[in-house]
Every structure is written in C-alpha cells, then in structure tokens.
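> Below is the structure I would like to discuss, written out as structure tokens.
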Amino acid sequence: MHFEIMDYELPTNFDVVVVGTGIIESIISAAASRIGKTVLHVDSNNFYGGLSSSFNLESFLKLNIEKRKSICMEHSSLNDTETFFPINNSDFTLDEVTHQWNITNKNKNYSDEENSAQEDIIAKEICAKKWLKDDLLKESRKFNIDLTPKVQYARGDFIELLISSNIARYSEYRSITRVLTWFNNTLEVVPCSRSDIFANNKISIIEKRILMKFFTSLDDNEDLIIKDYASKTYKCFLTDKKLSKNLIHYILYAISNSTDSTLCLEGIGNTKKFLKSLGRFGKTPFLYSMFGSGDLPQEFCRLSAVFGSVFALDQPIHGLILEENSFKSILIGKQKIKAKNFVLGLNLTPDFFLNKVKKKFISRGVFITNKSIMDSDNEPLTLLLYPAENDKNPCTVLELPWLSSCCPKDTYLVHISCNQINNPEDDLKHCVKNLFTLNEDFKAFKPLIFYSSYFSIPTNSDENVNLHDFNNLFICPGPDSELDFVTAVSKAKELFLKMYPDDEFLPRAPDPEEIKWDGDEEPSDIAQ
Amino acid sequence: MAHRKKVLLKVIILGDSSVGKTSLMNQYVNRKFSNQYKATIGADFLTKEVTVDDKNVTMQIWDTAGQERFQSLGVAFYRGADCCVLVFDVTAPNTFKSLDSWRDEFLIQASPREPENFPFVLLGNKVDLEPRAVSAKRAQLWCQSKNNIPYFETSAKEGLNVEQAFLQIAKNALAQQNSAVDLYNEFPDQIKLTNTQKPSGGGDSCAC
C-alpha cells in the first residue's frame, strides 16, 4: 500500500509505550489511555494481535514464510550513559506450520464418467457442496482462522470487563450451541442446563436427581470441602459423592474442564464458573466472537485509540535504552522515543530478562471440513472437550459453522488445541482419527477433511521473567491454554495497577452521544 | 426484506489525517465545528436517524479514531460496512493522491461481496479555504474512473453540502444493503453484550 502522505515521524514523548498487540498488551493500552495517559502502541507485525491474531485462508497459508528478518541496530545513536537492550525480534515465528490439502483442483467424481447414480446420491448426502481447492481459495476472505482460539464464559471476567468498560459495543458474539464430550468411543452431548439434564436420555432419572442435587449442593458445605479435600483431587471428591461413572465423566472432563489430577477446589471453582454462566446469553455457558478471536485485541486497541493513543503497526522496533536504573526510551527506526513506562510482550523481551527454561507449546490443528462432527438440524457452534486418553493430553475442539463468519457457507472450520507433548500432529492424531475422515468415498458419516494444518504456539508464562529491579518495564505473557481470557484479564489488571496503583482499571467509556463536542479545550496535539 | 427489524447502516470515513473526517461527522450529526482540532479524541462513532425514501434508518458513522495516521487501522474496523466515505482536502494535493490507496485498502480489508459495485462517496472537504489545489474537474474525473462514485464538495466548517452528502451516503448504503444478499445481515441470533441481564447467576442455571 502506497500512501502519498506518510506521517513517518512518530511523536517522541509518552507516558507509556506498549510494544506488541496481543490481548494483554491491548487491554493495558486501553486502560492507560482511558485514564488520560499518553500512549504509543506499536507492533513490528503489520497486523494486530500477534499470536492471538486471525487470518484469512490465503494469509494463513503464507504464515510459514512470513518470518521476521532480524533488524540491525545502529549503536551510533547511543550516549555513554546508555545501555541498549535489543528486543527479541524472533517474534512471529510459528514453528513448522504444515499445510495439507485433501482435495485437488480437479473433481474426479465429475470428470470421470458418472456411471453410478447411486454413488452420486451418496456423495451428495455426505457433502452438499463439492469443494475444490480453488473454490476454497476464492473464498479466502470469508475465513478467519484463529491462531489461538478462545471461547468466553458468559459470566467470566472477560465478558464482564467488555460490558463494564463499554468495549462490548464493538463486538458481536454467538453462543456456543452445544458442549460435547467423547465418552465410550462416541460423541455425547453434555447436559448443561436443567432442561438439558431432563431431556438427556443417556442418564437415568435417578442420576438426573443426583446431578441436580450435586449442582445445588456446591455452594453449601464449602468449609467442610476445603478442610477435607484441600489436597485431594476433584475426581476423588466426585467419587466420594457416589456419582455414577456417567456423571463423573460429564462433570469432570466437560463441565469443569478438568483432568484426573485437578485438585478438588479448582474443580469445584470451574464447575461453579460453568453453572454461573448458563442461561445468560444462550443455552451453553460459552460465547464465541464473530469473525474470530483475533478481533478481540483490536477492540481494546480501538478504545485506546479513541482516547488518544497513537497506533503504528509494521514498525522497525530495535530495542530499549536503559539509563541509570530505569528505561528511558525505545529505539524505533531512527527515532528515540521517550516514555515513563514500557509494556512489552514476553516474546519480544530481551533475553537478558529471561531465565533459560524449556519452552512450552500448545499443539494446534486447523481443519476445513464439509459437515459437523455430530448431525444437527441447525448449524451448530460446537465445543468438544475431549478427555485425556492413554498418553495424550485432553484436547479442546472448537467447530465453527459459517454463521460464526469464520468460514464460507457449506464448510466448517475446526480448531483443535492441547498442551504439547511431542508434536502437533502426533498429539492430536487420535482425536482427528476419531472425528474425521480423509477418504472421500468413505460412506460412514464422519466429516471429510478438505484441508488441514498443524503448528505450535509458544505459551511462556511470565514466571521465568527476571526484571532485576527495573521498575518501569512490564512484561505481558503470551497466549495460554485456558479456554477463555480470564488469565489475560487478571494479568492485564495486575500490570496496570502496578503501573498506576491509584487509578481505576477500565472504567466505563462514555457512549458517543455522551461525549462533549465543544471546542473549549486548548488546541494541543496530545502526543507532543 | 420485509422481515428486517430495524435498518442499521454502518458507514466508515476514510482519508488522510486532518482532511476533516471527524469534523464532517460532527457537523452532520451535532451541527458543530471546532477549529481546535484535538486529534480525534473520544470520537468513536456517531449515530443519526435519517429518513431515506420514506424509510427510517439509523446511520452509524465510524471514525478512524486516528488509527489511519500510521496506516494502522485493523481489519475489525472495516467489518460489515455498508458504505465507505472517502475524504480529501481540496487544498492539499497529497490527500487527493492517497485516495486510490484508501480505496484499495478498503476493498482489501472489508472484502465486500461485489467490490466493483460497492458504494463509495467522495468528499472534497475544506472548500472554504484557499488556495484551492485540486479542481472539481480533477476530482470528478477520478470518480468517473472508479465506476462513477458520487462526488460532493463540502465545508465542514460552514456546513456546506454536508447534509446533502450524508443523505446520499445513507441512500447508497441502504441500496447496497438491499441489493447485496449480505450474509452478515442475515445471521440470526447475534448477541450484543449488555448488562441488562441479571448480574449474578445464583440458582438461575436454567436456560429457557
């Protein structure tokens, strides 16, 4: 894109410089801007969101080669009293993204002689529309493929923050239609609401009563539970409650999204969180943002901009300059930009501040398929919580129909994630094998995979950061393996309050009609 | 589309910094003008009820919030736009030269269903100022070359042509919404988050 007027020069003095546009950085940016701080928010990528971003199909296919060149730094601009810390520009490296097409540009069914009408009918039943690779590429813009997909609890901290800060006005959500689990080698709907429980024909009437009683009893006896089960697992608690195997499966692996080793109190907390979020916006506790999770950081950035932050993507960010005992400025291109505080994504953090530890990853799979993993009358948004199996970690499967505006009509976009053990393909293969088929002539009713991709997302938490008492640098961890953004919200709030302990975190932004439009204020460029 | 409940038109305004995007919007909706241009603070989107062809519609006009300054508007900004208003400053030729880039940027990011028929409207703003650097003729030629985009010469300061321009914008946005079988507007069950729901769940775990 070539613009005639380019405002190349950034303003050079701010309260806060935020580097990186992941969700935590974006929330902090909005919060600082909202209380009147001057903020410069930059990213070395030419898109928002970093590892929380979403891409259309064509951009997604190019991800592998879009590795950042390391940037040379001109030390000449430093004074004797200054020390330079180059930021880590290995930033946007998704390791080994693989892409496999299971369809070609030629449709063999139609190019071959159609000798069997029978076969044709079956083909039509399996797949209402025949897709070719080129057809999908032509619809590239209809895809919004999340790197790190997130669903939000309807009463979780993230949704509450969107509402209380009035950022919710930028976004539209869809309710997850159903929550599934994998049980006894088959997909089962997890009964969420009271009506679900009573409509469920997999559990007996006695079990239904026990389940309802269990849910209502969670608020009672809390002290007793804390005392007796402090170091015991949730599974142990559920077993002691004499719940049937069925019920334990639903509660443990789906409703509380736990594992066999999850501690009792955490399991109870998760269960309550699930129950609390029911019935607010939909049948299940979960919401998914239209156009993908990648729009969420952008909404916070928008609020930040509305309150005056300066935004600049695609910036040659070199590093931080330390003078005496605090960071004084950041070198962007040839400009030295001063600020009182610096907020930095963990993936950009200079090596100097990181303890050497083994990196952790999320194994990710992305699939484009022809139909839902479980038949339904409408086009469902499905969350499948696939329990741990043998040597495999539990997997989160999010299946999106076109209604989510993340894929074209007559396709489904499926995200699978789990904490990495070996590599994405290996970690997810049992799940993929049970849910999908690669064989077009396969007459079973599993969805057919058109396209699949595997990659790893680094998930370093900030526990390995050592800031050596430099108190004006704030490090934001990258993506995590939580279902939602609850950890991101609490981290953003924590860092913001460290920076501005006496200020309110994201108070409600006024509606546009409430903004005063008089010209009483002095003319001033806020960024100067 | 008889079943459409309420017509909401999303209009976005694009153009270089300080061509008067916020001022135009503010003049149209609030009939106010301020020379004391405070880099678009607090300007988010403004809404106005208008009547187009006997139809009441709500026009939601989105400002760039200054994110255009370093070409850093995210793709989320462009979602679901029904009309794109391009603005240049008739006294600043560079802002006219940028129009192609803004138009391309819009088409790439918003990826409308029929790019060649998507409604743009061009506003040459600040006609109250001298010296004039881009002639009306030149602007009109550009509009002709882009499938006859409507062109208006405006002054946000004096309120000149602003009302007329936005009425045209509303008209074209509505026509676009009616003609294009716009999938996004047909999505049922979209959820706008509000806090009208009860704040606490309690025993209310029944989804009805």
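> Being β-branched (V, I, T), open to solvent by 10 Å² or more (accessible area, probe 1.4 Å), within 8 Å of chain A (Cβ to nearest Cβ) and within 29 Å of A:D295 (Cα to Cα) is the requirement here; does B:T47 meet it?
So B:T47 fits the description; yes.
> While we're here: Among the residues of the range A:130-163, what is the count of those that are aliphatic (A, V, I, L, M) and in contact with a helix residue (DSSP H, G or I) (Cβ under 6 Å, 6 or more places away or on another chain)?
Counting residues in the range A:130-163 that are aliphatic (A, V, I, L, M) and in contact with a helix residue (DSSP H, G or I) (Cβ under 6 Å, 6 or more places away or on another chain) gives 4.
> Out of A:N89, A:N13, which single residue is open to solvent by 10 Å² or more (accessible area, probe 1.4 Å), touching a Lys or Arg at 6+ places or on another chain (Cβ under 8 Å), more than 14 Å from chain B (Cβ to nearest Cβ) and at pLDDT 95 or above?
Residue meeting the stated conditions: A:N13.
> Checking the conditions here, which among A:L211, A:L187 is buried (at least 20 other Cβ atoms within 10 Å of the Cβ) and at pLDDT 90 or above?
Going through A:L211, A:L187 in turn, the sole match is A:L211.
> Of the numbered conditions (1) modelled with pLDDT under 95; (2) touching a Leu at 6+ places or on another chain (Cβ under 7 Å); (3) away from every other protein chain (no Cβ under 11 Å), B:L123 fails exactly one; give the number of that condition.
With (1) modelled with pLDDT under 95; (2) touching a Leu at 6+ places or on another chain (Cβ under 7 Å); (3) away from every other protein chain (no Cβ under 11 Å) applied to B:L123, the lone miss is (1).
> Now for a separate question. Any residue in the range A:261-274 that is within 14 Å of another protein chain (Cβ to nearest Cβ), among the hydrophobic types (A, V, I, L, M, F, W, C) and closer than 15 Å to A:F215 by Cβ?
Yes, that holds for at least one residue.
> Identify all residues within the range A:162-209 that are at the interface with chain B (Cβ under 8 Å from one of its Cβ atoms), in contact with a strand residue (DSSP E or B) (Cβ under 7 Å, 6 or more places away or on another chain) and of a type in the set (D, E, K, R); write none if there are none.
A:E172, A:R174
> Does A:P149 qualify as being open to solvent by less than 60 Å² (accessible area, probe 1.4 Å) and at pLDDT below 95?
Answer is no for this residue.
> Which condition from (1) open to solvent by less than 20 Å² (accessible area, probe 1.4 Å); (2) among the acidic types (D, E); (3) touching a Pro at 6+ places or on another chain (Cβ under 7 Å) is the one that A:E399 breaks?
(3)
> Another question about this same structure. Sort through A:S33, A:S29 and tell me the only one that's open to solvent by less than 10 Å² (accessible area, probe 1.4 Å), facing chain B (nearest Cβ under 10 Å) and modelled with pLDDT of 95 or more.
Of A:S33, A:S29, the one residue that is open to solvent by less than 10 Å² (accessible area, probe 1.4 Å), facing chain B (nearest Cβ under 10 Å) and modelled with pLDDT of 95 or more is A:S33.
> Now a separate question. Quick one: what pairs do we get from the range A:443-466, first residue over 30 Å from A:E58 (Cβ atoms), second open to solvent by 10 Å² or more (accessible area, probe 1.4 Å) and in a loop (DSSP other than H, G, I, E, B), C-beta under 7 Å, 6+ apart or different chains?
Within 7 Å, the pairs are A:S461/A:P477; A:D462/A:P477; A:N464/A:N355; A:N464/A:V357; A:N466/A:N355.
> Could you say whether any residue in the range B:149-157 is in contact with an Asp or Glu (Cβ under 8 Å, 6 or more places away or on another chain) and not in a helix (DSSP H, G or I)?
Yes, the range B:149-157 contains a residue that is in contact with an Asp or Glu (Cβ under 8 Å, 6 or more places away or on another chain) and not in a helix (DSSP H, G or I).
> Please go through the range B:95-108 and give me each residue that is at the interface with another protein chain (Cβ under 7 Å from one of its Cβ atoms) and either of a type in the set (A, V, I, L, M) or in contact with a strand residue (DSSP E or B) (Cβ under 9 Å, 6 or more places away or on another chain) (or both), ordered by number.
B:T95, B:K97, B:S98, B:E105
> Return a yes/no flag: does the range B:77-96 have any residue that is touching a residue at least 40 places away in the same chain (Cβ under 8 Å), among the polar types (S, T, N, Q) and within 30 Å of A:K142 (Cβ to Cβ).
no
> Scan (1) open to solvent by 10 Å² or more (accessible area, probe 1.4 Å); (2) within 13 Å of another protein chain (Cβ to nearest Cβ); (3) within 23 Å of A:S461 (Cβ to Cβ) for the single condition A:N347 breaks and write down its number.
(2)
> With respect to the numbered conditions (1) within 28 Å of A:F274 (Cβ to Cβ); (2) open to solvent by 40 Å² or more (accessible area, probe 1.4 Å); (3) of a type in the set (D, E); (4) in contact (Cβ under 8 Å) with a residue 40 or more places away in the chain, which one is the sole condition not fulfilled by A:E425?
All conditions pass for A:E425, except number (1).
> Open to solvent by less than 40 Å² (accessible area, probe 1.4 Å), modelled with pLDDT of 95 or more, within 20 Å of the chain's Cα centre (by Cα) and farther than 25 Å from A:S44 by Cα - does that describe any residue in the range A:132-143?
No, because not a single residue in the range A:132-143 is open to solvent by less than 40 Å² (accessible area, probe 1.4 Å), modelled with pLDDT of 95 or more, within 20 Å of the chain's Cα centre (by Cα) and farther than 25 Å from A:S44 by Cα.
> Condition (residue is in a helix (DSSP H, G or I) and open to solvent by less than 40 Å² (accessible area, probe 1.4 Å)) applied to the range A:499-508: is it met by at least one residue? Lay out the reasoning, then the answer.
In the first step, residues of the range A:499-508 are kept if they are in a helix (DSSP H, G or I); the result is A:499.
Checking which are open to solvent by less than 40 Å² (accessible area, probe 1.4 Å) leaves us with A:499.
Scanning the range A:499-508, I find at least one residue that is in a helix (DSSP H, G or I) and open to solvent by less than 40 Å² (accessible area, probe 1.4 Å), so the answer is yes.
> Going by the structure shown, is A:L495 open to solvent by less than 50 Å² (accessible area, probe 1.4 Å) and either on the phi > 0 side of the Ramachandran plot or touching a strand residue (DSSP E or B) at 6+ places or on another chain (Cβ under 6 Å) (or both)?
yes
> Quick one: is A:D351 assigned by TED's automatic domain parsing to the domain that holds A:F436 and either acidic (D, E) or more than 30 Å from A:S175 (Cα to Cα) (or both)? Show your work before the answer.
Values: assigned by TED's automatic domain parsing to the domain that holds A:F436: no; either acidic (D, E) or more than 30 Å from A:S175 (Cα to Cα) (or both): yes.
Considered against the rule, which asks whether it is assigned by TED's automatic domain parsing to the domain that holds A:F436 and either acidic (D, E) or more than 30 Å from A:S175 (Cα to Cα) (or both), A:D351 comes out as no.
> Also: Return the residues of the range B:61-89 that are under 25 Å from B:E114 (Cβ atoms), within 8 Å of the chain's Cα centre (by Cα) and within 12 Å of chain A (Cβ to nearest Cβ); say none if nothing qualifies.
B:I61, B:W62 - these are the residues of the range B:61-89 that are under 25 Å from B:E114 (Cβ atoms), within 8 Å of the chain's Cα centre (by Cα) and within 12 Å of chain A (Cβ to nearest Cβ).
> Still on this structure, please answer the following. Take the range A:278-320 and flag every residue that is polar (S, T, N, Q) and within 7 Å of chain B (Cβ to nearest Cβ).
A:Q298
> Based on this model, can you work out whether A:S461 counts as in contact with a Pro (Cβ under 6 Å, 6 or more places away or on another chain) and surrounded by fewer than 20 Cβ atoms within 10 Å (Cβ to Cβ)? So that I can check it myself, show each step before the final result.
Values: in contact with a Pro (Cβ under 6 Å, 6 or more places away or on another chain): yes; surrounded by fewer than 20 Cβ atoms within 10 Å (Cβ to Cβ): yes.
Taking the combined requirement at face value, the residue satisfies it.
> Can you tell me which residue in the range B:93-143 is surrounded by the fewest Cβ atoms within 10 Å (Cβ to Cβ), limited to those that are in contact with a Pro (Cβ under 7 Å, 6 or more places away or on another chain) and part of a loop (DSSP other than H, G, I, E, B)?
Only one residue tops the list, namely B:A133.
The values are calculated or read from the model by the stated rules, or taken from the named source; none is laboratory data. All values derive from a computational prediction rather than experimental measurement. FYI the Cβ positions are ideal-geometry reconstructions off the backbone, even for glycines, and counts take in every protein chain you see. Heavy atoms of the whole protein, side chains included, go into the accessibility calculation; ligands, DNA and RNA do not. Shrake-Rupley method; radii C 1.70, N 1.55, O 1.52, S 1.80 Å.
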